[in-house]
Amino acid sequence: MHHLLAEEKLCLDKLNRPLKALRISITDKCNRKCSYCLPENYALNRPFIKEDDYLSIPEITSIARSFVKLGVDKIRITGGEPLLRPGVVEIVEDLSATAGVRDLSLTTNGLLLKRFARSLKSAGLGRVTVGIDISVDYSNILTGLDEAKRVGFKNTKINVVIQRGLKQESLLKLTKYCRDNELILRFIEFMDAGNCNNWAPEEVISAESIIHWISYHFPLVASDSNYYGEVASRYKYKDGKGEIGIIASVTKPFCRDCTRARISADGKFYNCLFASSGFDLKKALHSGLEGEALEETLSSLWAGRIDRYSEERQLFRNSGIKLKKVEMFQIGG
Ligand code: SF4
């Protein structure tokens, strides 16, 4: 593995995985209520982070700079819905101006993409990923995708969570739309992220079944990953009309090369999407932590990392241990 990164200074965790990617949630609020992330009934009864408790834009940038010094070169801005966060374009500007950030992307549900696409592009955003819930009408998102294409975004990815009971004709329609519009469709196995999506193993449609279903309609050929630690398994359409990705956290866990750290909008540092607790970076910053001391703190938090929840999921289930996990909408996918 490390021959890929021989020339770089590596910050390794306990399982010898380098710190390479940072996901920054800039709000936990969302203007969609996807059942696999923030179900309606759950959203109604829960307090969201007060804006005063958000990491400020300078705090986000200084934390990101410290992570870059430790080897991070990929930053993804997430939510909740990041386009709801006041100052999102300024955050993109600051992060895109951060030396060492090779890939800056943003995950959105697409509802506000039409309005923000041009300013995000001008601010230096490299790519967008749009999460589409095909159990509801998503036609109003397509205009945002058209605008993203018009202003010059390429390699746009579409994430769709595959859950038992979904309408195949809707999925086929979206698959065709992505083939015809150079969009990379990524099929995500339904995960037990957070505590509120009523996940059950029988609700999961496996990567193998998904590939079988797609190949029946559009023959596929497996393709190599783009980089070490890539989340999705890649497949190209045999007829040359682009590619898809499969994110199989349940049936084919990929913890062995997970290089991702996560920060919540209120400044908690999480070592895993399924973590139960995070380190309060905002509090540490407010008690004067900065510069080299901040880097040392981040480096030791990562160095102590042993998380590999998806590989241990069945062990937890067999042991009956019910973990209280951070919510997906608090740290983004
Ligand atoms: S479960 Fe945790 S360690 Fe495994 S791939 Fe996901 S975020 Fe990484």
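Computed extension gain for Tyr177 through Trp199, at 0.36 nm per residue and net of the alpha carbon distance, reaches 5.1 nm. In the chain, the longest principal axis of the Cα atoms and the axis of helix 207-217 are about 40 degrees apart.
Solvent-accessible surface of the chain, taken per residue with a 1.4 Å probe and all protein chains present: 46 Å². Here the Debye sum runs over all C-alpha atoms of segment 1-106 as equal scatterers in vacuum, and log10 of I(q)/I(0) at q = 0.23 Å⁻¹ comes out as -1.17.
In the chain, the longest principal axis of the Cα atoms and the axis of helix 139-150 are about 70 degrees apart.
A Förster radius of 41 Å combined with the Cβ-Cβ distance from Glu40 to Glu296 puts the calculated FRET efficiency at roughly 0.45. Put simply, segment 80-190 fits an ellipsoid with semi-axes of 26, 14, 13 Å; these come from the alpha carbon gyration tensor as the roots of five times its eigenvalues, largest first. Note on the chain: antiparallel DSSP beta bridges, both residues inside, total approximately 30 percent of the bridges counted. A viscosity of 0.692 mPa s and a temperature of 37 °C, combined with the Kirkwood radius over Cα pairs in Stokes-Einstein, give a translational diffusion coefficient for segment 221-285 of 231 µm²/s. Label-to-label distance for Ala303 and Ser319 is 2.6 nm, based on points extended 7 Å past Cα in the beta-carbon direction.
Against the chain, whose longest principal axis comes from its Cα atoms, helix 57-69 is set at around 90 degrees. Average 1/r across all pairs of distinct alpha carbons in segment 175-333, invert it, and you get the Kirkwood radius: 17.9 Å. Only the Cβ atoms of Lys and Arg (+1) and of Asp and Glu (-1) were treated as charged; on that basis the dipole of segment 21-331 about its Cα centre amounts to roughly 600 debye. Over segment 21-331, Cα pairs under 8 Å with separation of 6+ residues give a relative contact order of 21 percent. Spin-label model, Arg256/Ser135: points 7 Å from Cα along the beta carbon direction are separated by 3.3 nm.
Using just its DSSP H runs of length 4 or more, each adding -39500 (n - 2.57), the chain gives a mean residue ellipticity at 222 nm of -9500 deg cm²/dmol after division by all residues. Beta bridges from DSSP with both residues in segment 1-146: antiparallel share about 5 percent, rounded to the nearest 5.
Of all lysines in the structure, those lying under 23 Å Cα to Cα from Lys173, and not within fewer than 8 positions of it along the same chain, are Lys33, Lys114, Lys149, Lys154, Lys157, Lys236, Lys238, Lys241.
Translational diffusion coefficient of segment 193-260 (Stokes-Einstein, Kirkwood radius from Cα pairs, 4 °C, 1.567 mPa s): 96 µm²/s. Compared with the direct C-alpha span, the chain from Arg118 to Ser170 gains 15.8 nm at full extension, assuming 0.36 nm per residue. The Kirkwood hydrodynamic radius of the chain, based on inverse pair distances between different Cα atoms, is 20.4 Å. Taking 0.36 nm per residue of separation and subtracting the current Cα-Cα distance, fully stretching the chain between Glu312 and Asp52 would add 89.9 nm. Per-atom-type breakdown for the chain gives carbon and sulfur 52% of the accessible area (1.4 Å probe, protein chains only).
The values are calculated or read from the model by the stated rules, or taken from the named source; none is laboratory data. In this text, all values refer to a predicted model and were calculated from it rather than measured experimentally. Every residue, glycine as well, gets a Cβ built from its backbone with ideal geometry; the counts of neighbours run over all protein chains shown. Calculation scope for accessible area: heavy atoms of the full protein, side chains included, ligands and nucleic acids excluded. Shrake-Rupley method; radii C 1.70, N 1.55, O 1.52, S 1.80 Å.
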